[in-house]
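Student: Below is the structure I would like to discuss, written out as structure tokens.
Values quoted throughout were computed directly from the atomic coordinates according to the rules given, and no laboratory measurement underlies them. Just so you know, these numbers come straight off a predicted model, no measurement behind them. Cβ: placed from backbone, ideal geometry, glycine included. Neighbour counts: every protein chain shown.
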Amino acid sequence: MNRRGVLAGLFAVGCPKAPCDTVVRDAQIEGPYYLGLGTVREDITEGRTGLPVQLDLTVVDAHCTPLEGVQVDLWHADADGVYSGYAEEGTEGEAWLRGRQTTDSRGEVRFTTILPGLYVGRTAHYHLRLQAQGFSTFITQVYFSRDIHLRIREEYEVRDGTRNDEDSYYRSDHRLEVREGRKGFTATGIIELN
């Protein structure tokens with residue numbers, strides 16, 4: 001059974017609080033690259049090359065109950081560490097590696113994307129912005145293990161990217177669980193709205 005099936009089964013019987021290291025509970029800065037395009041789509045690659053990843057997120061409340069109808073915005077850098085949509089990045093008018101999904105009855109969303117690249121001062125990360133009726137807008141970032149970070153550096157041929165322990169925003173309790181398969185990577189995480 002895959003992780004989504006296990007999570008769905010736990011939620012169906014009233015799961016206990018998930019372990020702290022698997023749940024993102026804390027907000028982080030939005031960063032300078034949010035555009036608020038509201039483009040609803042699962043596949044956000046638009047032909048950007050990189051290590052393919054299927055990102056599966058589950059959104060729960062403080063009681064571990066899945067939340068339906070939460071808008072989840074995702075955006076991140078490409079393999080070269082560049083964001084779409086910004087003149088200073090040379091990408092004005094573009095919207096690759098940006099998208100929005102709404103959680104289903106199991107609190108789940110899925111994005112098809114790539115593992116993010118590195119740029120000066122930041123380790124590999126995804127930005128998330130969650131909005132739901134009755135909750136404040138929740139903004140955070142999620143990260144990767146050292147092994148995945150090293151794989152990104154190797155595959156993207158990054159010579160001097162920032163390591164996890166050098167990034168002042170990095171949080172080990174915000175790491176996604178990542179597995180490699182025949183068709184790429186699967187990353188999973190649980191986000192708590194409180």
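Student: Got a sec to turn the phi values of the stretch 38-46 into Karplus ³J(HN,Hα) couplings, 6.51 cos²θ - 1.76 cosθ + 1.60 with θ = phi - 60°, whole Hz, x for Gly and Pro?
Tutor: Whole-Hz 3J(HN,Hα) from phi for the stretch 38-46: x, 6, 7, 5, 8, 8, 10, 6, 6.
Student: Same structure again: What order do you get for 41-53, 102-114 when each peptide is scored by the mean count of other beta carbon atoms within 10 Å, highest first? Before the final figure, lay out the partial values.
Tutor: Working: 41-53: 15.7, 102-114: 19.2.
Ranking, from highest mean packing down: 102-114, 41-53.
Student: Another question, then. Once phi is turned into ³J(HN,Hα) by the Karplus curve 6.51 cos²θ - 1.76 cosθ + 1.60 with θ = phi - 60°, what whole-Hz value does each residue of the stretch 139-149 show in order, with x for glycine and proline?
Tutor: 10, 8, 9, 10, 10, 10, 5, 4, 4, 5, 4
Student: Report the extension gain between residue 165 and residue 137 in nm, rounded to one decimal, defined as 0.36 nm multiplied by the number of residues separating them, less their alpha carbon distance. Kindly include the intermediate steps, with their values, before the conclusion.
Tutor: Numbers: separation 28, 0.36 × 28 = 10.08 nm, distance 2.79 nm.
Result: 7.3 nm gained on full extension.
Student: Mind listing the long-range amide H neighbours of residue 190? Cut-off is under 5 Å, sequence gap 5 or more, other chains count too, H placed in the peptide plane at 1.01 Å from N.
Tutor: 24, 58
Student: Using amide H atoms built 1.01 Å from N in the peptide plane, name the residues 5+ places from residue 70, or on other chains, whose amide H lies under 5 Å from its own.
Tutor: For residue 70, the qualifying residues are 103.
Student: Residue 122's amide H: which non-local residues (gap 5+, or another chain) put their own amide H closer than 5 Å, with H modeled 1.01 Å from N in plane and none for Pro or chain starts?
Tutor: 162
Student: While we're looking at this one, here's another question. Which option, [x] 17.6; [y] 23.4; [z] 16.9, is the value of Kirkwood radius over Cα pairs in Å that was calculated from these coordinates?
Tutor: Among [x] 17.6; [y] 23.4; [z] 16.9, the one derived from this structure is [z].
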